Amino acid sequence: MASETQVSYLEYQGRHKGIWSWLLSTDHKRIGLLYLYAVIVFFFIAAFLGLLMRIELIAPGRTIMEPQTYNGLFTIHGIIMIFVIVIPGLATIFGNFFLPILIGARDVAFPRLNLFSWYLYILGALLGVASQFMKSGPPDTGWTFYVPYSVESSTSVIWALTAAFILGFSSILTGLNFIVTIHRMRAPGMKWMRMPLFPWALYATAWIQVLATPIIGITLMMVIAERVLNIGFFDPALGGDPVLFQHLFWIYSHPAVYIMILPAMGVVTEIFPTFSQKPVFGYGAIVLSSLAIAFVGYFVWGHHMFTAGMSYSARWFFSFLTFIVAIPSAIKVFNWISTMYGGSIDLKPPLLYAISFIFLFMIGGFTGLVLGSLATNVQTHDTAFVVAHFHYIIFGGMGFAFFAAIHYWFPKMFGRMYNNKVANIAWGFNFVGFNLLYFPLFIIGLQGMPRRAYDYLPQFHTGHFLSTIGAFILFAGLILMVYNLIVAARRGVKAPANPWHGVTLEWKIPSPPPHENFEEIPEITSKPYFFGKKEETK
Amino acid sequence: MAVHQIHTEHTDSETGKLGMWIFLFTELFLFGGLFLVYSIFRAKYSAEFHVAAGELNAFIGTLNTVFLLVSSMTVAMALAAMQKGDRRLTLFLLMVTIILAALFILNKYFEWSHKFEYGIYPGSPVLKNMPHGELLFFGLYYMMTGLHALHVLIGMVLLSITTVRVRARRINSTRYLMLENSALYWHLVDLIWIFLFPLLYLIT
Amino acid sequence: MKQDEKHISSYSSLAVVLTILLVLTTISVLATGFHLGPFTVVLALVIASTKVFIVLTQFMHLKFENLFLRLAVTGVFVLFALVVIITFVDYYFR
């Protein structure tokens, strides 16, 4: 007996019909899918631009483009990847889809605001793309918009700045929505310490979104004021300080990387217990370390500026805090591995990606310490070493966690199963391609290869050549992975409600979920990750 | 922390209010970036800031401060009146608040045009000939009061919509979330000015 | 947190609050007449902070709100102060 609330969210027709029932939907699950489709499209655009860069770099000298084009490419590649993919990605897709379900709610606190956030996101993303086609040419400042060049460049910088501003506003509203949702809409009996760990991760992330993003907003406005009004804050000729821009920029952009990684850590924290059939090891430690990362992450921004001319005291301070902030991340790694230890391991694609996440994230993390140490930073700053480091953390970390998430929750979201074998093959391409693409960059970076450089000395040729081969392998893997999922969404085998034997709330409802998630709001009486073994409920 | 799940209107109003408070946090950090820039340059150019601030009209600044403080009281009273069910008084107090806001904007308009007449605006030749600290002071002055004035205008719009809804009885003594939230937003506008005023006008 | 428990400010208490704020403003303005050197900044900020505290707790009703909100507001100001102080660690020691 299918009541209206039991119709699948994919089929539900409310006030609006057809495409409008999607574009005007305030259902968090549909909004999650709207974000998913947008992210996939923009990701492939930005990844393709990255591939073009790698083709250019396969050999010294000109390969397929002029230097100016190359500068425009690394700028827009960064803008899209950072502001359109990695910062919003996990939270807006899987956060939107699963946060209400995981806490036993029917939707987020402000569903219409949620839809509005998506429209802002699309507007910002389109403005970013539009900046490529303006008469004054695509911006060539890098996604970091450093002054003085971002003020002097004759390209369409203001379009890009405005795009980033709007995307930031979208991020703020999502964070606001999630904080209020978690505070006000948990199911009866779900005390804070009974909440699963993905919502906890989203909670910590949301506070960063809300408190850090406004700073980049005002900073971007200041750059526009410099360009248009000559306001002088960052112009030494008028008494200003260009390093002040860097402070303001990184006061947001460093916490932003925690916006990127915390949800990723939250996702894998859900995956490990399910595929080990064992509760998470150290639930409390994971909660505290998430909050600690969010908090301490506010105070390390200067490690992007060690060679910019800051005082020694500042450099010392930021380096010290950078080492401190690594500790909670290490705690999590310990907890994830301990969760698997002694568990009943089922190496399905989600777990495969989650384990790769640990490996790649750790390489990124350790190399971050090399960068965070003052002496070695002098050697590695602005080299390909940095490029490798952040791709390991962002792509190897958040990216692979994203792939883990989509493979984990795909059956729930679409009600179908994908082909495991193809998924594993795609993983192989992704993993091998990724490491071949980025690891050589550590080496040539240490040897002196600068970043954002169109041309290079012959001694770096081998490293670049290998890296470009890796890019093609990775790209093939990505296409295979997405193709496998698209085919599955259309004609995959129907998935049961709980294909992975998970114990969190999303596995207790049908696949795909009904429009209102739960027939009846559940009452929570035990800790999460209760696998029904010897554990007593508390 | 107690768990609320019953979706009544009362719960929704607490939820809505929490949402507004978090939005106010973002506004504080938005202006915070400008306050950070101010503090850096104030420390570096204290003497020149002192001189430049002398160009500002402390009387108009004080008058504007009084307008905003009174308007904060009137909007808080409007909320109390609505909670007590006194619709007429609520409407009157809301209108007074909006009028005070308009007077603030009017003042700002006169202040700015007066400065423009003297060639004091970002990028002007007059500014270029000033010592660096004074130039930066005026850059900050325009950007901070400009962004603030924009928020005054937004607040006026919110309060106007609220007034219309009170008239239509869509806001009443049991459903007044929009009034409460508009009032909170308005108080934020006042808060920011409370910091701006001494930092810009009273450092002479 | 039932609606019936909601605290409604009295008109007279709000008027008193305004009076206090206006007095503090007057002090602030008059203080610029005195030559306090570097302490003018300190005094101006102390008075402004007091006014902000009063507006937050009385007009914005924070005094009667739940503990979480009070902690969050405090946290926001503390975080901002820390960011400013840390930035000064660069500028002051250059």
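Read-outs throughout are calculated quantities, based only on the coordinates presented, and are distinct from any laboratory measurement. The structure displayed is predicted, hence computed values, not measured ones. Cβ atoms come from the backbone with ideal geometry, glycine included; neighbour counts cover every protein chain shown.
Semi-axis lengths, largest first, of the ellipsoid equivalent to the stretch A:127-260 are 36, 16, 11 Å, with √(5λ) applied to each eigenvalue of the Cα gyration tensor. Using the Cβ-Cβ distance between B:HIS50 and C:THR19 with R0 set to 22 Å, the FRET efficiency works out to roughly 0.10. Distance from the Cα centre of the stretch A:418-432 to that of the stretch A:1-69, in angstrom? Centre-to-centre distance over Cα atoms comes out at 21 Å.
Relative to its residue count, the protein assembly as shown spans a Cα convex hull of 166 Å³ per residue. For a distance above 16 Å, tell me the whole-number percent of Cα pairs in the stretch A:57-164 that qualify. Value for the stretch A:57-164 (Cα pairs over 16 Å): 65 percent. Between 0 and 90 degrees, the angle of helix B:177-201 with respect to the longest Cα principal axis of chain B falls at about 20 degrees. Per-residue Cβ neighbour counts within 10 Å put B:ARG167, A:ARG416 in the sequence B:ARG167, A:ARG416, beginning with the fewest.
Phi angles across the stretch B:119-129 convert, under the Karplus curve 6.51 cos²θ - 1.76 cosθ + 1.60 with θ = phi - 60°, into 3J(HN,Hα) values of x, 9, 7, x, x, 6, x, 4, 5, 5, 8 Hz, Gly and Pro given as x.
Of the cross-linked pairs B:LYS17/B:LYS108; A:LYS135/B:LYS44; A:LYS348/A:LYS527, which ones have a Cα-Cα span greater than 29 Å in the structure shown?
Among B:LYS17/B:LYS108; A:LYS135/B:LYS44; A:LYS348/A:LYS527, the Cα-Cα distance tops 29 Å for B:LYS17/B:LYS108; A:LYS135/B:LYS44.
Overall, the anisotropy analysis places the stretch B:1-117 in the oblate class: the square-rooted eigenvalues a ≥ b ≥ c of its C-alpha gyration tensor yield a/c not less than 1.5, with a/b not exceeding b/c.
Its alpha carbons give the stretch A:1-139 an Rg and a Dmax of 19.3, 69 Å. Look at the Cα gyration tensor of the stretch C:1-60: its axes a ≥ b ≥ c give a/c of at least 1.5 with a/b at or below b/c, and that counts as oblate. Kirkwood radius for chain B, taken over all pairs of different Cα atoms as the inverse mean of 1/r, rounds to 18.5 Å. The C:VAL46 and A:ALA237 beta-carbon pair, evaluated with R₀ = 35 Å, returns a calculated FRET efficiency of approximately 0.45. Counting only other chain Cβ atoms within 10 Å of each residue's Cβ, the peptide B:130-139 averages 4. The calculated FRET efficiency for A:PHE48 paired with A:LEU374, based on their beta-carbon distance and R0 = 41 Å, is about 0.65. Over all other residues within a Cβ to Cβ distance under 15 Å of A:ALA354, the charged ones net out to +1, with Lys and Arg as +1 and Asp and Glu as -1. A simple spin-label model places the labels of B:ARG170 and B:TYR121 3.8 nm from each other, with each point 7 Å out along Cα-to-Cβ.
By how many degrees, 0 to 90 and rounded to 10, does the Cα axis of helix A:157-184 deviate from the longest principal axis of chain A? Around 30 degrees separate the two axes. Per-residue mean of foreign Cβ neighbours for B:35-44 is 6 (Cβ atoms of other chains, 10 Å radius). Peptide A:223-235 is shielded by partner chain Cβ atoms: per residue, an average of 5 of them sit within 10 Å of its Cβ. The separation of the stretch C:5-27 from the stretch B:9-56, counted between C-alpha centres, amounts to 23 Å. Each peptide in A:405-413, A:310-318 gets a packing score, the mean of other Cβ atoms within 10 Å over its residues, and the list from highest to lowest is A:405-413, A:310-318. Over the stretch A:211-276, the Kirkwood radius and the radius of gyration, each from Cα atoms, give a ratio Rg/Rh of 1.31.
Working note: Cα atoms of the stretch A:30-508, range along each principal axis, descending, whole Å: 63, 46, 43. Counting only alpha carbon atoms, the long axis of helix A:420-446 and the longest principal axis of chain A meet at about 30°.
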